[in-house]
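Structure first, then comments.
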Ligand code: MNH
């Protein structure tokens with residue numbers, strides 16, 4: 001017996017494309033999930049995609065033997081820039097396997113710990129700026145965290161300084177990237193005939209790509225001409241050899257991976273920092289508890305790696321924040337064989353899926369009736385570890401899971417702990433409630449805060 005997969009009404013040629021809010025696709029996907037439940041299908045310009053929204057179905061799709069990452073739609077547009085770099089590589093591209101084997105140890109926890117001083121360098125720039133500007137200055141957390149995360153990934157992985165905190169505007173790389181990602185989304189949802197007419201948007205999109213390629217290839221060239229000893233990711237790629245094949249990466253492949261790190265390494269981390277700041281302000285009792293933990297552990301001293309290991313509540317806050325708003329909210333897979341999903345949906349080999357983690361990580365069946373609420377306590381005292389692994393997948397799954405997870409986590413821990421240790425924070429607009437905006441990743445929209453040095457510092 002096979003249960004049909006529901007689909008909203010379609011219109012000729014466009015299918016269901018008009019059902020998707022161009023500014024906030026994840027909002028539309030969520031509304032459809034509420035209406036249709038664990039699975040529905042959309043016709044995206046002739047391409048049929050099954051969207052899954054429940055933990056149970058995510059578990060079945062989290063099986064590298066039966067399902068494989070795919071690079072459709074907007075991700076395929078990103079691929080026109082990042083090519084066979086780690087994030088946008090197709091399953092069978094040799095450069096993926098080479099870069100994966102070369103870089104996995106470099107992104108491992110031990111190596112990330114060596115980046116601590118560089119992470120603190122950038123973090124202290126943010127702390128100093130907020131201190132100097134004082135309590136009347138209106139802070140855009142998303143912009144400030146974007147400066148921070150871009151500068152951090154660039155300094156730690158390629159010893160390059162964007163110096164974003166010394167400029168009123170965000171670096172040109174950021175602007176180009178944000179516009180580029182938005183346009184990737186738009187292109188993926190335009191019929192070819194419309195796309196062909198969008199000459200000026202396409203010219204701008206190409207110019208943005210060129211700017212990013214120029215930045216990354218300059219960094220590679222500069223390092224070739226001025227080698228340094230530092231064991232950073234760039235040197236690993238320049239001089240490392242794949243343990244299995246003995247092959248290295250070409251300068252072109254290195255450039256594509258540098259661009260990948262600069263994009264994947266900062267957007268998403270900026271998002272988790274922004275959402276976490278929002279949730280702490282919205283839930284003052286959580287903020288008080290977190291501050292007590294930070295004070296008890298650090299005794300007012302400069303934060304160290306050893307301190308972070310003693311802050312379980314900080315971990316719980318970050319886990320809960322990224323559960324409610326996984327900044328990379330959807331991932332795509334394709335079926336490698338015919339399967340009966342959940343024993344009832346007949347799936348053909350080659351079928352495309354979108355895994356909506358934003359919906360699945362709020363699955364009431366698994367997280368309970370309060371699944372939509374911010375409650376870090378549910379991530380404490382072994383409760384997180386006792387959850388089924390597919391219920392919390394903000395970093396993806398399996399072979400193609402996020403390589404930057406330890407990096408992002410250490411950075412997020414450091415930054416949130418440092419801010420809570422140093423400042424009293426408030427909303428600029430006391431009535432602000434969360435709205436989400438989306439480029440490729442999610443961030444809070446129109447979110448502004450103010451920061452003053454703590455009145456009761458230890
Ligand atoms: Mn990251 C893959 C989320 C930080 C570099 N990342 C993924 C995937 C998710 C993800 C989800 C899987 C996508 C897919 O299945 O198509 N990443 C995040 C989040 C954060 C993050 C939520 C921060 C918080 N990522 C980082 C950082 C870096 C990075 C920091 C780099 C320095 N991520 C990657 C790369 C991949 C990836 C590279 C692709 C890995 C692969 O396919 O081999």
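The values are calculated or read from the model by the stated rules, or taken from the named source; none is laboratory data. Note that the structure is a prediction, hence the values are computed from the model and not measured. In this analysis, Cβ positions are derived from the backbone assuming ideal geometry, glycine residues included, and neighbour counts consider all displayed protein chains.
Restricting the stretch 221-236 to residues that are away from the ligand (no atom under 13 Å from the Cβ) and either touching a strand residue (DSSP E or B) at 6+ places or on another chain (Cβ under 9 Å) or in a helix (DSSP H, G or I) (or both), which is farthest from residue 89 (Cα to Cα)?
225
Taking the stated definitions as given, is residue 75 within 25 Å of residue 177 (Cβ to Cβ) and either within 16 Å of the ligand (Cβ to nearest atom) or modelled with pLDDT of 95 or more (or both)?
Values: within 25 Å of residue 177 (Cβ to Cβ): yes; either within 16 Å of the ligand (Cβ to nearest atom) or modelled with pLDDT of 95 or more (or both): yes.
Criteria met by residue 75.
Just to be sure I understand, how many residues within the stretch 237-255 are farther than 13 Å from residue 103 by Cβ and within 16 Å of the ligand (Cβ to nearest atom)?
2
Can you give me the number of residues within the stretch 392-409 that are under 23 Å from residue 311 (Cα atoms) and more than 6 Å from the ligand (Cβ to nearest atom)?
Counting residues in the stretch 392-409 that are under 23 Å from residue 311 (Cα atoms) and more than 6 Å from the ligand (Cβ to nearest atom) gives 5.
Based on what the data block shows, is residue 391 more than 18 Å from residue 319 (Cβ to Cβ) and touching a residue at least 24 places away in the same chain (Cβ under 8 Å)? It would help to see each step written out before you state the result.
Details: more than 18 Å from residue 319 (Cβ to Cβ): no; touching a residue at least 24 places away in the same chain (Cβ under 8 Å): yes.
For residue 391, the condition - more than 18 Å from residue 319 (Cβ to Cβ) and touching a residue at least 24 places away in the same chain (Cβ under 8 Å) - is not met.
If a residue counts only when it is crowded, with 22+ Cβ neighbours inside 10 Å, which helices (runs of 4 or more DSSP H) contained entirely in the stretch 323-410 have at least 2 such residues?
Working: elements: 357-360, 364-367, 383-386.
Passing ranges, in order: 357-360.
Quick one: is residue 17 within 19 Å of residue 5 (Cβ to Cβ), within 15 Å of the ligand (Cβ to nearest atom) and touching a residue at least 24 places away in the same chain (Cβ under 8 Å)? Quick ask: steps written out before the conclusion?
On the way: within 19 Å of residue 5 (Cβ to Cβ): yes; within 15 Å of the ligand (Cβ to nearest atom): no; touching a residue at least 24 places away in the same chain (Cβ under 8 Å): yes.
Taking the combined requirement at face value, the residue does not satisfy it.
Going residue by residue through the stretch 121-143, is there one that turns out to be closer than 25 Å to residue 357 by Cβ, touching a residue at least 24 places away in the same chain (Cβ under 8 Å) and surrounded by fewer than 18 Cβ atoms within 10 Å (Cβ to Cβ)?
no
Can you confirm whether residue 78 is surrounded by 20 or more Cβ atoms within 10 Å (Cβ to Cβ) and touching a residue at least 24 places away in the same chain (Cβ under 8 Å)? Working first, answer last.
Working: surrounded by 20 or more Cβ atoms within 10 Å (Cβ to Cβ): yes; touching a residue at least 24 places away in the same chain (Cβ under 8 Å): yes.
Spelling it out, residue 78 is indeed surrounded by 20 or more Cβ atoms within 10 Å (Cβ to Cβ) and touching a residue at least 24 places away in the same chain (Cβ under 8 Å).
If I ask for residues that are outside any helix (DSSP H, G or I) and more than 28 Å from residue 443 (Cα to Cα), which ones from the stretch 278-303 would you list?
Initial filter on the stretch 278-303 (outside any helix (DSSP H, G or I)): 283, 299-303.
Hits for the stretch 278-303 are 299, 300, 301, 302.
Restricting to the stretch 397-423, what's the tally of residues that are within 30 Å of residue 449 (Cβ to Cβ) and touching a strand residue (DSSP E or B) at 6+ places or on another chain (Cβ under 6 Å)?
Keep residues of the stretch 397-423 that are within 30 Å of residue 449 (Cβ to Cβ), which gives 402, 404-423.
With touching a strand residue (DSSP E or B) at 6+ places or on another chain (Cβ under 6 Å) added as a condition, the list becomes 423.
Total meeting the criteria: 1.
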